[in-house]
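Notes to accompany the following structure.
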Amino acid sequence: MLDRIRTTLHGLIENPRGDTVGAVRIPKMLARKANHLLGSPLCSAEDLDKRRAAAAKLESLRGAGSAAAPARREPAPVVVYFEKDRNQRLIERVQELLASRGIAYRALDVTGDEATMAFVMREAKCEEDDLPIVYVAGSAVGGYNELVEWDVTGKLKTAVFGA
């Protein structure tokens, strides 16, 4: 019913019939401008069909896009703090464990960097002899034993890659 009214009114304001008389031409011209300013709610049946088809296609594309590819989360940053000549065997074991799980990490040598060393020991609640220390997303995991514990319980994978 509403579609019929829309198309009939569109036909009346777009029809050139009566445009020679000023009393008819001016109101039709104002009606055309108002229709155009409002986004052309009065339109032909063909335009109405095109609009509905476009709206249906847009809705189907919106639905297909969200279901097809869920947003993939970027892994959390993993940092391994170590001293160059101390506990080399543990450093290698930590690196092997992280590499075997496909976890990208950054190894930072804190030899001679007292500020970073103080930060690592304070946050991880450890001593200098406990290095290497692993951090995931800014929170301390701990040394090799704690890293293995996180790996076994699945907490490491959740912390790095999300749920």
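Inspect all residues belonging to the stretch 3-11 and state whether any of them is touching a Cys at 6+ places or on another chain (Cβ under 6 Å), touching a residue at least 24 places away in the same chain (Cβ under 8 Å) and not aromatic (F, W, Y). Lay out the reasoning, then the answer.
Filtering the stretch 3-11 down to residues touching a Cys at 6+ places or on another chain (Cβ under 6 Å) leaves 10.
Add one more test, that the residue is touching a residue at least 24 places away in the same chain (Cβ under 8 Å), and what stays is 10.
If we keep only those that are not aromatic (F, W, Y) as well, we get 10.
Yes: the stretch 3-11 contains one or more residues that are touching a Cys at 6+ places or on another chain (Cβ under 6 Å), touching a residue at least 24 places away in the same chain (Cβ under 8 Å) and not aromatic (F, W, Y).
Need pairs with beta-carbon distance below 6 Å; first residue among the aromatic types (F, W, Y) and within the stretch 126-140, second surrounded by fewer than 21 Cβ atoms within 10 Å (Cβ to Cβ); sequence gap 6+ or separate chains.
Close Cβ pairs (under 6 Å, with a partner that is surrounded by fewer than 21 Cβ atoms within 10 Å (Cβ to Cβ)) amount to Y135/V79.
Results for (1) part of a helix (DSSP H, G or I); (2) under 19 Å from N15 (Cβ atoms), shown as yes or no for each residue.
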position: L30; (1), (2): yes, yes
position: K33; (1), (2): yes, yes
position: H36; (1), (2): yes, yes
position: P41; (1), (2): no, yes
position: E46; (1), (2): yes, yes
position: D49; (1), (2): yes, no
position: A54; (1), (2): yes, no
position: S60; (1), (2): yes, no
position: G63; (1), (2): yes, no
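Checking G18 against (1) touching an Asp or Glu at 6+ places or on another chain (Cβ under 9 Å); (2) at positive phi, which single condition isn't satisfied?
It is condition (1) that G18 fails.
Residues of the stretch 87-120 being aliphatic (A, V, I, L, M), more than 21 Å from A159 (Cα to Cα) and in a helix (DSSP H, G or I), which ones? If you could, list the steps in order and put the result at the bottom.
Going through the stretch 87-120, the residues aliphatic (A, V, I, L, M) turn out to be 90-91, 94, 97-99, 103-104, 107-108, 110, 115, 117-118, 120.
Restricting the remaining residues to those that are more than 21 Å from A159 (Cα to Cα) gives 90, 110, 115, 117-118.
Selection gives L90, A115, M117, A118.
Does the stretch 73-96 include one or more residues that are basic (K, R) and outside the structural domain of C126 (by TED's automatic domain parsing)?
Step one: filter the stretch 73-96 for residues basic (K, R), giving 73, 84, 86, 89, 93.
Filter again for outside the structural domain of C126 (by TED's automatic domain parsing), leaving 73.
Yes, there is a match, as at least one residue in the stretch 73-96 is basic (K, R) and outside the structural domain of C126 (by TED's automatic domain parsing).
For the stretch 81-96, which positions are within 15 Å of L147 (Cβ to Cβ) and either at pLDDT 95 or above or among the acidic types (D, E) (or both)? Break it down stepwise before answering.
The first filter runs over the stretch 81-96 and keeps only residues within 15 Å of L147 (Cβ to Cβ), leaving 81-82, 87, 89-96.
Correct list: E92, E96.
The values are calculated or read from the model by the stated rules, or taken from the named source; none is laboratory data. Here the structure is a predicted model, which means the values were calculated and not measured. Glycine gets a Cβ as well: all are built from the backbone with ideal geometry, and neighbour counts include every protein chain shown.
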